[in-house]
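The structure appears right after this line, and notes come after that.
Read the figures in this text as sums done on the coordinates, not as results from a lab. The structure displayed is predicted, hence computed values, not measured ones. Glycine also receives a Cβ, built like all others from the backbone with ideal geometry; neighbour counts cover every protein chain displayed.
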Amino acid sequence: MLGVATRVAAGLGAIQKQNLVHRDIKPSNIMVSFDGDKIVNAKIIDLGLAKGAVGEGDSISSPGTFVGTPQYASPEQFAGIGADIRSDLYALGITLWEMLSGKLPFQGSSTELMQQHRHAVLPMEKLAGSPQPINSLLEVLLEKDPTRRFQSPADIIQVVPTITKAMDSRSRVSVDKLRSLAQESIKRVEEPKKDWRRLASLRTGFRFRWLGRLGLALLAAAGLLLVTDFFFPLSFLHRQRVIGNPGEKSIAVLPFESLSGNKDDLYFADGIQDEILSKLSKVSQLSDQSHLGHEVWAR
């Protein structure tokens, strides 16, 4: 029986990871395969009623209708306050009870079953001949209050070795012991998450502090540079912008020199320069750059 419980719990764990609730766990929806007398596997089937975990105010039932199987439904399903994976754990507890005793803990009409699942005390006297550790497991699974059950399928897997050991040694395991083992399991899972979040927070804080210090250092360096330049001007901060484009093509017209020995020919040399400049001024692609100190036309 514990082998089936462990394997079904593993299947419910996979359902929980998808944020689903099966809502109809019962013997006919669990397929068990054997190798001789040894249980090889147990599979959960018929996910036709599975849906996302619902919150308070939602229900698997509505006036005059009921979705699921009343013999295995949890008290909160009947009460219409919503169902989550803990409802499937309750149904698994009913299934294990039936496997152990051959009968259901509660019987009767749908109305009678609703009343019994919600308010009747578990008839533990019907399991008088069953191993006490397994009875404790069923008591936790079949708590009326979902908060007092195991909170996840992993809790069942966690406590099964303790139950098995107690059965082998013919010792007792209390309900409180099983709950504490489940709580320790939750802490072992949650503590590494808290440590990781704490480490991530420290890393983020260190990163922001480092960036803040770097920003302050850059601001201080810029301020020091400006103060130094104010009192001792730095040449690299005052370089003159080069006029014109370095790749720009230009034409310089220099004064002509007369090589003739006759001084009367000097006017001829000056006239040639004036004539060339006059012609260049008519070319639209050229601009006058005479402000550079000599006659230059640039393109």
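Things worth noting here:
- With only the Cα atoms considered, the stretch 98-156 has a convex hull volume of 98 Å³ per residue.
- Placed amide H near Ala83: partners under 5 Å, 5+ positions off or other chain: Val54
- Over 20 Å [Cα-Cα, the stretch 2-173], rounded percent: 51 percent
- Less than 5 angstrom separates the built amide H of Asn41 from those of Ser33, all sequence-distant by 5 or more or on a different chain.
- Each of the peptides 31-44, 136-149, 6-19, 112-125 was scored by the mean count of other Cβ atoms within 10 Å over its residues; in descending order, highest first, they stand as 136-149, 6-19, 112-125, 31-44.
- Applying a threshold of 25 Å to the alpha-carbon distances of Lys38/Lys177; Lys38/Lys144; Lys38/Lys126; Lys26/Lys144; Lys43/Lys103; Lys43/Lys177 flags Lys38/Lys177; Lys38/Lys144; Lys38/Lys126; Lys43/Lys177 as lying beyond it.
- Contour excess over end-to-end distance, with Cα ends at Ile81 and Ser180 and 0.36 nm allotted per residue: 33.0 nm
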